[in-house]
Amino acid sequence: MAMRTRALLALAIFAALLSFVKFSPCQDTNWATPGQYIHACYSDLPSLFGERGMADNKWPYASDTNSVEYPVLTGLVMYATSFVAHSPISYFNFNAFLLALLFIGLVFIVYRIKPEFTYLLPLAPAMIASLYINWDLWAIATMMLAIYWFDRKAYLYSSIALAVSISTKFLPIFLLLPILFILWRSNQIREIFKYAATTFALWLAINLPFALTTPTGWWRFYKLNLDREADWGSLWLAFNHLGLGLANLNYLSILLLLIGLTAFVIFLFEVKNTPTLASVAFIVLAIVMIASKVYSPQYVLWLTPLAVIALTNKKDLHAFWIWQIAETLYHVAIWQHLALFTGAAFGLQQGGYATITLIRIAATIYLAWVLIKRALAARNTQGSLFDLLFEASKPYP
């Protein structure tokens, strides 16, 4: 056991250092374009240091037009770390150090959940490539703690961790769907209300001071996501680039999300035994990201640990690696495509970028399908939901 933990620690430290080396060429040029895209070392950390007033230690939600475009705890991290930095380089290095510590901690949280597959996390190439793009690991670490505690029935700790994660990045709110289903299927009706109420109350307690004192700045994150057009990495932008532009994007993305979540609920009803949150969290967040109007390059940081803890059989490892290869290919593709807009002599054209986006989405769907198929191997034969939906309409003899 001690040897395994030491090996994982070494792997995690090596991955964190390797990722730092991957981002280091940009420090030599102070993240100048097009070099930061050509070398795939772009990061929001130094970019937003100046653009959002962190260089002057400005309160992140004070401006009505230029506030931080993230939930409040990410804004607090950005603000607090600005006091120990005096340049984009020192700001990046200090935040990267904290993110490296979070990544190492994340590896050991995953180890507590799924020890037999934890080695995949620090070896995942797309994970290594993306560690220092943004502050997402702050939210991912607390999300993984919420999953860990929930599956061990420490519901109070789990709901607190989830509220903190949602207040850091909003994505984990979608985990409430499988959480409430699992509690309902386990006949823990009281826990449903306690879990939901605790999560909402703590989220409100964290957010209310910001919403009351700087309402426009606080609302900016939510407004940007509501008003967003087809953006980088999304299915919708790929369609646009391939000449299949679609109107009413908000309605279409919400419709696709509802279809996906409905299918997910049907899947939950179909599994024979009550699933663990660890086994289904990847599927629900993959659905959300596929339907979303944007897929930021660092989103793979969310999905990779969830994919690792969802694995149950070595026969499914091929799907994990196919997906990681597709994500790594996409990581290169987006930066080479963006390089074209900033004066690079060469880069990836629109059609190629759209094609690789669709390949990444297809690989995500494939991995989700492999996990679903494995879970359905032991199907609920005591009158399944499929029977209710499709068999009940047949005429009686």
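Taking trypsin sites (Lys or Arg not before Pro) in DSSP loop states with no more than 16 other Cβ atoms inside 10 Å as exposed sites, the chain has its longest site-free stretch at 273-397. Ignoring aspartates and glutamates fewer than eight residues from Lys315 along the same chain, the ones with Cα atoms less than 15 angstrom from its Cα are Glu116.
How do Phe103, Phe221, Phe341 line up, fewest other C-beta atoms within 10 Å first? Don't jump to the answer; show the numbers that get you there.
Working: Phe103 25, Phe221 20, Phe341 11.
Exposure proxy ranking, most exposed first: Phe341, Phe221, Phe103.
The modelled label-to-label distance for the pair Phe341/Leu376, using points 7 Å beyond Cα in the direction of Cβ, is 3.9 nm.
With a ≥ b ≥ c the root eigenvalues of the C-alpha gyration tensor of the range 73-171, is it rounded (a/c under 1.5), prolate (a/b larger than b/c) or oblate? It would help to have the intermediate numbers written out before the result.
Details: a/c = 2.74, a/b = 1.38, b/c = 1.98.
Oblate is the answer for the range 73-171, as a/c is 1.5 or above yet b/c matches or exceeds a/b.
Using the Cβ-Cβ distance between Thr355 and Trp232 with R0 = 22 Å, the FRET efficiency computed as 1/(1 + (r/R0)^6) comes to roughly 0.90.
First check a/c for the range 2-391, with a ≥ b ≥ c the square roots of the eigenvalues of its C-alpha gyration tensor; if it is under 1.5, answer rounded, and if not, answer prolate when a/b is larger than b/c or oblate otherwise. Don't skip to the end; give the middle numbers.
Numbers: a/c = 1.41, a/b = 1.31, b/c = 1.08.
Since a/c stays below 1.5, the shape of the range 2-391 is classed as rounded.
Of the residues Ile173, Ile309, the one with the fewest other Cβ atoms within 10 Å heads the list, and the complete ranking is Ile173, Ile309. Provide the gained length on full extension for the span Val265 to Asn248, in nm with one decimal, where the gain is 0.36 nm per separating residue minus the Cα-Cα distance. Taking 0.36 nm per residue and subtracting the Cα distance, the gain is 3.5 nm. Inter-label distance, Lys315 to Leu255: 3.8 nm, where each label sits 7 Å from its Cα along the C-beta direction. Taking the centroid of alpha carbons for each part, the range 11-26 and the range 324-377 are 22 Å apart. GNM remark for the chain: springs join alpha carbons under 10 Å apart, and the peak mean-square fluctuation among Ile140, Ile290, Ile182 falls on Ile182. Each label point was placed 7 Å from the Cα along the Cα-to-Cβ direction; for Lys153 and Phe193 their separation is 2.1 nm. Cross-link pairs exceeding 18 Å between alpha carbons, from the set Lys223/Lys293; Lys272/Lys314; Lys169/Lys194: Lys272/Lys314; Lys169/Lys194. Where does helix 300-310 land angle-wise versus the long Cα axis of the chain, in degrees 0 to 90, nearest 10? Approximately 30 degrees, to the nearest ten. Per-residue ellipticity at 222 nm from helix content only, as computed over the chain with -39500 (n - 2.57) for each DSSP H run of at least four residues, stands at -21500 deg cm²/dmol. Taking amide H positions as modeled 1.01 Å from N, with prolines and chain starts lacking one, no residue 5 or more places away or on another chain lies under 5 Å from Cys41. For the options Gln36, Gln324, Gln349, a Gaussian network treatment of the chain with springs between C-alpha atoms closer than 10 Å singles out Gln349 as fluctuating the most.
Taken together, the values in this text are just the output of simple stated rules run on the coordinates, not laboratory data. Keep in mind the model is a prediction, meaning the values are calculated, not measured. Backbone-built Cβ (ideal geometry, glycine too); neighbour counts: all protein chains shown.
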